[in-house]
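Each value in this text was obtained by applying a stated rule to the coordinates, not by laboratory testing. Computed from a prediction, not measured in an experiment: that's the story for all the values here.
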Amino acid sequence: MPAQIIGLRGEQAHKSYTLGDTPFTFGRNPDNSIVFAGGRASRRHAEIRRAGADYLLSDLGSSNGTVVNGQRLTAPHRLQHGDTFEIGDDVFRFDAPAPAVDKTLMVAPAALSAPPTEPAPPSAYQPPVAAPVALPGASSSLSIPMRRYSDRRRRGRVCQYRSQRVLPGGRSATTCVCVAPPST
């Protein structure tokens with residue numbers, strides 16, 4: 001469906017006009033595309049001109065002006081589907097077809113990044129990762145790998161795994177499997 005304008009009010013009400021590549025003019029002069037008999041329109045009042053895939057509405061220096069969506073037109077206006085504009089006593093609506101959308105999805109291959117030239121420095125001691133071990137009495141426990149843990153009771157030993165259980169009353173119990181730290 002090509003772009004068109006539809007008269008909503010005035011002497012052009014309920015008439016539709018198809019827009020093309022040639023300029024579409026409004027005014028009282030008989031050489032305009034739409035000729036008004038009323039006195040509020042100028043002889044050469046406004047025009048709609050195609051600009052690529054869009055249409056531009058321009059006022060041609062009319063004495064009463066052109067109003068687009070309730071605002072007086074001061075510069076060419078790129079018409080959008082559903083825009084209304086007033087020329088003299090007439091009101092028009094611009095209807096444009098929905099733009100054609102290509103539903104093909106183009107995917108560019110991702111650029112492969114080069115591996116780092118130097119290995120990252122170790123941030124801290126991390127114990128060897130082994131499969132979680134179920135602790136006695138912890139059938140519903142969750143085993144989580146742990147990093148170095150130190151306090152007065154453990155004296156610098158490393159917790160390999162920690163197991164947490166939820167006890168009745170919403171409390172939790174923690175069980176650790178600790179090993180001696182590696183000698184450096």
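Here is how the numbers come out for the structure above:
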item: Shape category assigned to segment 1-97 from the gyration tensor of Cα positions, a/c cut at 1.5; result: rounded
item: Residue-span extension gain [residue 75 to residue 33] - 0.36 nm each, minus C-alpha spacing; result: 13.0 nm
item: Karplus 3J(HN,Hα) series, Hz, for segment 65-71 with 6.51 cos²θ - 1.76 cosθ + 1.60 (x for Gly, Pro); result: x, 10, 10, 10, 6, x, 10
